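Can you read through this structure? Questions will come right after.
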Amino acid sequence: MCTAAHLFMAMGSAAFSPATPHPAAAATRARSVRMAAAVDTGGAAIVVKGVDVWAGDSPLILDVNWSVMPNERWAIHGTNGCGKSTLLRAISAAANGGGGGRLADGGQLVVSSSLRLGMLEQTAVSGADTTVREEVVSRMERYQAAKAALDSAVESCVLGTDEELECLEAAQSEYAAAGGYEIEARISKVLQGLGFETEEFDAPCSSFSGGWQMRIGLARLLLSEPELLIMDEPTNHLDAAARRWLGDYVGAYQGTVLVVSHDAEFLRRASNSIAEVAGGRLELYKSVTYDKFLEEREERQARVRATVEAQERERKRMQDFIDRMGAKASKATQAKDRQGKLERLAKQQAAAKALLIGQQRRPSLTLAAPPPCG
């Protein structure tokens, strides 16, 4: 299994941590993952238990508990700055971290070591001198190995001995199993789906603009066919036709998918489960279409609104009792008891209001004081 190497992991200005109260001292931020020989995921591709996501000293998502099963396609939904991309980077770091582990105070982020990770790189292919065709097949590891073995077998087949012919036959079989004989069709399907013309396949990557280089990087990722596919805003540089094609391609993808996107039509095509960041929590909508997610979210919102309204009525009732009876000696004890209950209710009400979409606050960052000048 693979897991993140440190509990608070620097990722630009962001970090992720196990679920704990807001850190009061720098020492709190230095706790690390306790490594273990193996962690049982119960068959899940990804297991997240009791993990917080932070940006600087500001919590973004608290107490994340999430199991992603193989071949599920999850869209992570939420407003800008809510922690979606930071969560993706934490999962990616866990997949690349090596070993298996559990956070010292019980938090856990584990990615099955049987999954080969592929993540869309924002730098794409900037400066690459390879052709588009060469670049997009560069990470098809099985195909590249099979092609090299076949080339070697062909070169070595000089005398036509039984041994040479057996080696050649084995190399041809592996090349076929790796999809080598369909490679041009696979390249064409992906590149044309992303908007490239056939005559552009042999053009150097460096001749394309940044947006088209991102498409080349996306094609390279898709053709590498990772078992765990992670993409952050993959439709940013795509036109409508390419977005539709990508949505259909991901929707039929044979593997586990995590994707962040604000493109509703893409998510309708690509995902079969939704994880929404709402009120600093990760709300899970498992095995639902995007439209069904919208319906279920509204149902949950209606229940939260009813809870908040009931809490407000109870708050007013207790406050009225305190206002009327607080000054009476015979009722002072009861008023004090109501005051304690009112304070607890205020916390519950604040937590419930945070789940209301219209009430959700934008994340704020607390920056360290600048060093003295001079």
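The values are calculated or read from the model by the stated rules, or taken from the named source; none is laboratory data. In this text, all values refer to a predicted model and were calculated from it rather than measured experimentally. All Cβ positions, glycine included, derive from the backbone under ideal geometry; neighbour counts span all protein chains shown. Protein only, heavy atoms only, side chains kept; ligands, DNA and RNA dropped before computing areas. Shrake-Rupley method; radii C 1.70, N 1.55, O 1.52, S 1.80 Å.
What is the Cα centroid distance between region 281-344 and region 214-252, reported in whole angstrom?
43
Another question, if that's okay. Length gain on complete extension for the stretch GLN144 to GLN348, per 0.36 nm per residue less the alpha carbon to alpha carbon distance?
Between GLN144 and GLN348, full extension yields 67.7 nm more.
A follow-up question, please. Based on the Cβ-Cβ distance from LYS286 to SER58, what FRET efficiency comes out when R0 is 25 Å, to the nearest 0.05?
0.30
Given Cα pairs under 8 Å that are at least 6 residues apart, what percent is the relative contact order of region 177-306?
Relative CO of region 177-306 lands at 17 percent.
Take MET325 and GLU312, extend 7 Å from each Cα along the Cα→Cβ direction, and tell me the distance between the two endpoints in nm.
2.5
Which value in nm describes the separation of the simple spin-label points at HIS262 and ASP202, placed 7 Å from the Cα toward the beta carbon?
Label-label distance for HIS262 and ASP202, simple model: 4.2 nm.
When only the heavy atoms of the protein chains count and the probe is 1.4 Å, how do TRP245, TRP66, TRP212 rank by accessible area, highest first?
From most accessible down to least: TRP212, TRP245, TRP66.
Follow-up question, since we're still on this one. Per residue of region 218-226, in order, report the coupling 6.51 cos²θ - 1.76 cosθ + 1.60 (Karplus, θ = phi - 60°) as ³J(HN,Hα) in whole Hz, putting x for Gly and Pro.
Once θ is set to phi - 60°, the couplings for region 218-226 become 5, 4, 4, 5, 5, 6, 6, 6, x Hz.
For region 233-280, what is the relative contact order in percent, using Cα pairs closer than 8 Å and at least 6 residues apart in sequence?
45
With the cut-off at 21 Å, tell me which of the pairs LYS316/LYS336; LYS292/LYS353; LYS49/LYS292; LYS49/LYS84 have Cα atoms farther apart than that.
Over 21 Å Cα-Cα: LYS292/LYS353; LYS49/LYS292.
Would you mind getting me the FRET efficiency between THR131 and ALA170? Use the beta-carbon distance for r and R0 = 35 Å, nearest 0.05.
Plugging the Cβ-Cβ distance into 1/(1 + (r/R0)^6) gives 0.70.
List the residues, sorted by chain then number, that are 5 or more residues from VAL64 or on another chain and whose placed amide H is less than 5 Å from its amide H.
Distant-sequence amide H within range of VAL64: GLY50, VAL51, ASP52.
Explain nothing, just compute: Karplus ³J(HN,Hα) = 6.51 cos²θ - 1.76 cosθ + 1.60, θ = phi - 60°, for every residue of region 177-184 in order, whole Hz, x for Gly and Pro.
5, 7, x, x, 6, 10, 4, 5
What does DSSP give for region 224-363 in terms of the percent of beta bridges that are antiparallel, rounded to the nearest 5?
50
Ok, one more. Can you tell me the FRET efficiency between THR79 and GLU227 if r is taken as the Cβ-Cβ distance and R0 is 35 Å, rounded to the nearest 0.05?
0.70
In addition: Quick one: which residues, 5+ away or cross-chain, put their amide H under 5 Å from the amide H of VAL260? H built at 1.01 Å from N.
Those lying under 5 Å, H to H, from VAL260 are ILE76, MET231, ASP232, GLU233.
Considering only LEU223, VAL259, PHE196, whose Cα is most displaced toward the positive end of the charge dipole of region 141-264, charges sitting on Cβ of Lys, Arg (+1) and Asp, Glu (-1)?
VAL259
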